[in-house]
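Q: Submitted below is the structure of interest, expressed as structure tokens.
The values are calculated or read from the model by the stated rules, or taken from the named source; none is laboratory data. Quantities reported herein were computed from a predicted structural model and do not represent experimental measurements. Because the Cβ atoms are built from the backbone with ideal geometry, glycine has one as well, and the counts that use them run over all protein chains shown.
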Amino acid sequence: MANTQIAAAREGTITEEMERVAERENRDPEFVREQVADGQAVIPANTNHDALDPMIIGREFSTKVNANIGNSETTSDLETELEKLHTAVHYGADTVMDLGTGTDLDEIRETHLEYSPVPLGTVPLYEAVKQAGSPEEITKELLLEIIEKQAEQGVDYMTIHAGILAEHLPLTDGRKTGIVSRGGSIMAKWMEEHGEQNPLFQAFEGICEIFAEHDVTFSLGDSLRPGCLADACDEAQYAELDTLGELTRRAWEYDVQVMVEGPGHVPMHKIAENVQRQQNVCDGAPFYVLGPLVTDVAPGYDHITSAIGAAMAAQAGAAMLCYVTPKEHLGLPEEEDVRDGLAAYRIAAHAGDVANERPGARDWDDALSEARYDFDWREQFRLALDPDRAREYHDQTLPGDNYKEARFCSMCGVEFCSMRIDQDAREDGEMERLDTETDLEASPAAEVNLPPVGTHDSGDLPPVEECGEYPAESAGDD
Ligand code: SF4
């Protein structure tokens, strides 16, 4: 029998991990068990990952955030990689994916697992390419060997690009940006060279057996995710999604936990449709989305373009958000990029939880708002999503200890602090008088403010064509 959380859940057993997850999420352990048994949530917890503090990923639980770390061929050493893990966990990553493609991969992975309290995910295909020397040299046997080794090391979940099939490849021909998933491009290259079906698809049963033994969770890769808005929701993306649905059901037959990865670049008005489609096709298996980026025009700010999409995806039912940093499309992120990316994504996840009225989600907002209205600056910093950043920004202009109880900050200043003015007015009883005694129609403010902005009569202005052209010298920069 499989040694997995889903197998135990289906037998009616509440495991230690389920108890711990229930405690962390403030939910009933029996509810956790039911969600895991039905495949609606996963607890990625390899039986060999001793340092793990178990967590759960599912649409009924708080939205989680993943951070990618890992070395490349140009940057690689153990200490740096451990620092990256520390940074990611410090800034709030719920899981970490090691996408390393440099040297010492085994040593780095084993050390990560020795220390990481959060689940660790990998993409074993990358190591297979490194060992084989090129995508074409990969074999089914090598893939299974590497997957088994990583499972024994304690990896909690693995991205497996088994959903991209030979028959999907022609569907990408008219795309603006082709296949943008690293794993997808490698599998496509292999299929074209060999004229055979995807080896990960061929080896899927073998992978299920390994995962069942060590309780590794599938993260079924979306190899054909759109790499730009023009390619979003196309035939190729949805054909692969159908295959991912089939693979989900096959993995469940082996009592293996599954989540499914999603796009990519998707315009805002199509995000909910994407989430609902995945939930229908994959029978509610947790959806793990990258972004999605809602526009392609902001390199350098893609933590923002994607966090907008991530918040919408979370509201629509996505269970985990894979962060994007400001360096997306441009280079390998550094510590400050990781911090900015994680902040953006934790905001997106929390905004989704508030919108979905997750139990207790709004309490955090309410506590911070109370501290804000009380001018309790220290409590505001403590409750802030990034306490160091909040304190740093406040103290840039008002550093002294005496300003930690001040009834203003430098944004509006002493005279114009609206919260202070409001509080003073309430203390003086002016609010009550306003309710009962003020005739708004007769007040001087009414004269100034009416008609409202936007309804002023423009009849006296000359028509636009009579205004002439702008002088040439004002068209350029000063
Ligand atoms: S000065 Fe403005 S921003 Fe600062 S606490 Fe008062 S109302 Fe808020």
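Q: Mind listing whichever residues of the range 419-430 are under 16 Å from residue 376 (Cα atoms) and more than 7 Å from the ligand (Cβ to nearest atom)?
A: 423 - this is the single residue of the range 419-430 that is under 16 Å from residue 376 (Cα atoms) and more than 7 Å from the ligand (Cβ to nearest atom).
Q: Could you name every one of the helices (runs of 4 or more DSSP H) located completely within the range 86-188 that has at least 2 residues being without any contact (Cβ under 8 Å) to a residue 12 or more places away in the chain?
A: Per the criteria, 140-153.
Q: Restricting to the range 54-68, what's the tally of residues that are touching a Lys or Arg at 6+ places or on another chain (Cβ under 7 Å) and either surrounded by fewer than 21 Cβ atoms within 10 Å (Cβ to Cβ) or not hydrophobic (A, V, I, L, M, F, W, C) (or both)?
A: Total meeting the criteria: 2.
Q: Related question: Quick one: which of 142, 220 is over 29 Å from the mean Cα position of the chain (by Cα), closer than 30 Å to residue 118 by Cα and hydrophobic (A, V, I, L, M, F, W, C)?
A: 142
Q: For the range 379-418, what are the residues that are acidic (Asp, Glu) and more than 11 Å from the ligand (Cβ to nearest atom)?
A: Passing the criteria: 379, 386, 388, 392, 395, 401, 405.
Q: Please pick out the residue among 390, 384, 442, 425 that is at pLDDT 50 or above and exposed (fewer than 10 other Cβ atoms within 10 Å of the Cβ).
A: 442
Q: Okay, next question. In this structure, does residue 164 turn out to be within 20 Å of residue 4 (Cβ to Cβ), touching a Gly at 6+ places or on another chain (Cβ under 8 Å) and modelled with pLDDT of 95 or more?
A: Considered against the rule, which asks whether it is within 20 Å of residue 4 (Cβ to Cβ), touching a Gly at 6+ places or on another chain (Cβ under 8 Å) and modelled with pLDDT of 95 or more, residue 164 comes out as no.
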